[in-house]
Amino acid sequence: MWSNNTIIGGIDLRKKENILLLDKLFIANEYQNKGLGTKIMKLIEAEFPLIKIWRLYTPYLNKRNQYFYEKFGYEKIGEVQLTEKLLLFKYEKCI
């Protein structure tokens, strides 16, 4: 994502058949809380209207991310322990 020739964030999407994994979505701190994340999520979903299953993983301690994704209809469906200290929550949205 760019703003005035400056990278302000990024998105990494991985598509496999009817499933799209939102692998990464990040926005620089100074661009957060301005509605940009909401606009991006709506754009992403509009760009892939045939996708029926959306998935993502987010750290268990990141309550802000969890709230953000739940706001868009994602539901926690599992947990993945990557390391002794890193637990990810698995989210999914079915359309």
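Taken together, the values in this text are just the output of simple stated rules run on the coordinates, not laboratory data. Quick caveat: nothing in here was measured; it's all calculated off a predicted structure. In this analysis, Cβ positions are derived from the backbone assuming ideal geometry, glycine residues included, and neighbour counts consider all displayed protein chains.
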Report, by chain and number, residues whose modeled amide H sits under 5 Å from the one on Ile8, excluding near sequence neighbours (fewer than 5 apart, same chain). Trp2, Ser3
Once you keep just the Cα pairs under 8 angstrom separated by 6 or more residues, what percentage relative contact order results for the chain? 23
What dipole magnitude, in Debye to the nearest 20, does the chain give about its Cα centre under +1 on Lys/Arg Cβ and -1 on Asp/Glu Cβ? 120
With a sphere of radius 13 Å drawn around the Cβ of Tyr74, what net charge do the other residues whose Cβ falls strictly inside it have (Lys, Arg +1; Asp, Glu -1)? +1
Give me Rg/Rg_expected for the chain, where Rg uses Cα atoms only and Rg_expected = 2.2 N^0.38 Å with N residues. 1.11
Dipole of the chain, positive direction: furthest Cα of Val80, Cys94, Ala28, with charges on the beta-carbon: Cys94
Which ³J(HN,Hα) values, rounded to whole Hz and listed in residue order, are derived for the stretch 37-49 from phi using the Karplus coefficients 6.51, -1.76 and 1.60 in 6.51 cos²θ - 1.76 cosθ + 1.60 with θ = phi - 60°, glycine and proline given as x? x, 4, 4, 5, 4, 5, 5, 4, 5, 5, 6, 10, x
Full-stretch length increase - Val80, Lys39 - with 0.36 nm per residue and alpha-carbon distance subtracted: 11.9 nm
What pairs from Lys15/Lys90; Lys52/Lys85; Lys34/Lys85; Lys39/Lys85 go past 28 Å between their alpha carbons? Lys52/Lys85; Lys34/Lys85; Lys39/Lys85
Interatomic Cα distance distribution for the stretch 54-95, bins of 10 angstrom, percent: 32, 54, 13, 0
Under 1.5 on a/c is rounded, so check that first for the stretch 34-75, then, if it is not, pick prolate when a/b is larger than b/c and oblate when it is not; a ≥ b ≥ c are the square roots of the alpha carbon gyration tensor eigenvalues. oblate
Please check: in the Gaussian network model of the chain (C-alpha springs, under 10 Å), which one of Glu79, Glu17, Glu45 has the largest mean-square fluctuation. Glu17
